[in-house]
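Below is one structure, written out as structure tokens; the observations come after it.
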Amino acid sequence: MQDIPLEQAISVLLEHTKKIEAVEEVPLLEALGRILAEDAVATFDNPPFDRSPLDGYAFAASGTKGAKEEAPASFRIIGEECAGDFFAQEVPEGAAVRLMTGAAIPKGCDCVVRQEDVTVQDDCILVPYELHHHENYCFAGEDVRKGTLAVKRGTELTAAHLGVLASLGLGTVKVRRRSRIAIASTGDELVLPGEPLRPGKIYNSNLYVLAGRLQELGFEPEVLGILPDDAEQAAAFIAGWRKKVDLFLTTGGVSVGKKDIMHEVVRCIGTRLFWRVCIKPGAPVIAYTAGDMLGIALSGNPFASYATFELLTRPVLAALAGRSEVAYRAAEGFLADAFPKPSYGRRFIRAHYADGVFSIPAQHDSGSLFSAAGCNALIDIPAGTEPLVAGTRVKGVLL
């Protein structure tokens, strides 16, 4: 397929995206951001015992009937229990046990009085008011009852989820295998930042943009560096990753020039799905499969590769990982600035979106990345649109 609409390109990519179902068991402290692979059900009440919410004394509330400041109820102190201790014997009427916050309430007690509200005389406490059944009393299972679905399968685990799972006594959890993504750039003209900039060379920014965006979206890519402008060598290198990754992203080598090697690379290692998408910038995208690996070869122009990554790759990432929040969101609003160019084909332009308003930077060239800094949206301009004036209502996507 060639010169296809964006929506069709996304559909084709999703048809060849295999959602990751493989499961692995990891220590709980390594599970942050992972997708839970099975329901986590409470196997016991949590907390597992009735407990005190404060520092005080536990006893039977019936012993305080009629108590008042001038005629307080008296209880004999027969023990003390800190959190983590356990007072095993039953507390008789007229007796009390001193408790610290979180300590289990002993059998025979049904309330707790605040420590600062009582007077201690010898081995007794004087309680100056009536207490009621289950006053200052936390019940077993108050947080989670036995049998409760605590965290549902498919949940992306946050710090709070880790706390819940820890409270269930789980030291390890089963999670979906991470998405395996590799990224590389093609081009003999590229050098890595930190190296000397020799005549005719440019620094490779694409690799850093894509690696950064993948990390921002919660992925951990394999950053493989720069491939030479040699189809045979590049094909052999990429083919070596077919069984190691789910998705292989490259930038450059996708147009019709002498060094646009990705066409030959794809012929050598797999099956082309499409070439060229009817959008600007970044039209000459190649999608292909190589075994179970999906490949997307993006334009080498810095902003073009960034824009097409957002438009084409993010839906794939969302489907691959089973994380719908990774997909971009649609938005509508008004232009704060005019856009003076006619759009003969469908065009996406960078913008900053806030409070229903799209603000457009002055620079729109596909080779320029500088003006993309600070932008958080792409405005979707339909084909055949005349120059736009400020105040025009437009649609776009939020990044």
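If only residues of the stretch 329-346 that are in contact with a Pro (Cβ under 8 Å, 6 or more places away or on another chain) and open to solvent by 10 Å² or more (accessible area, probe 1.4 Å) are counted, the one that is nearest to residue 263 (Cα to Cα) is 346. Listed conditions (1) open to solvent by 30 Å² or more (accessible area, probe 1.4 Å); (2) among the acidic types (Asp, Glu); (3) closer than 24 Å to residue 202 by Cβ; (4) at pLDDT 95 or above are all met by residue 310, apart from (1).
Applying a threshold of 6 Å to beta carbon distances and a minimum spacing of six or more residues, or different chains, the list of pairs starting in the stretch 62-74 at a residue that is surrounded by fewer than 18 Cβ atoms within 10 Å (Cβ to Cβ) and assigned to a strand (DSSP E or B) and ending at one that is at pLDDT 95 or above and basic (Lys, Arg) is empty. From the list 6, 36, 29, 14, the one residue that fits, being touching a residue at least 24 places away in the same chain (Cβ under 8 Å) and surrounded by fewer than 13 Cβ atoms within 10 Å (Cβ to Cβ), is 29. For the stretch 326-346, the tally of residues that are farther than 19 Å from residue 4 by Cβ and in contact (Cβ under 8 Å) with a residue 60 or more places away in the chain stands at 8. Note on the stretch 114-135: residues that are crowded, with 19+ Cβ neighbours inside 10 Å and either out of contact with any helix residue (DSSP H, G or I) (no Cβ under 8 Å at 6 or more places or on another chain) or of a type in the set (Lys, Arg) (or both) total 2.
Taking residues in the stretch 40-57 that are farther than 30 Å from residue 25 by Cβ, and partners anywhere that are of a type in the set (Ser, Thr, Tyr) and open to solvent by 30 Å² or more (accessible area, probe 1.4 Å), the pairs with Cβ atoms closer than 6 Å and at least 6 places apart or on different chains are 54/101; 55/101. Out of 96, 88, one residue alone is open to solvent by less than 20 Å² (accessible area, probe 1.4 Å) and either free of Cβ contacts under 8 Å to residues at least 60 places away in the same chain or more than 44 Å from the chain's Cα centre (by Cα) (or both). It is 96.
The values are calculated or read from the model by the stated rules, or taken from the named source; none is laboratory data. Since this is a predicted model, take the numbers as computed values, not measurements. When we count neighbours, we look across all protein chains shown, and the Cβ atoms used for this are built from the backbone with ideal geometry, even at glycine. The area values use the complete protein model at the heavy-atom level, side chains included, leaving out ligands, DNA and RNA. Shrake-Rupley method; radii C 1.70, N 1.55, O 1.52, S 1.80 Å.
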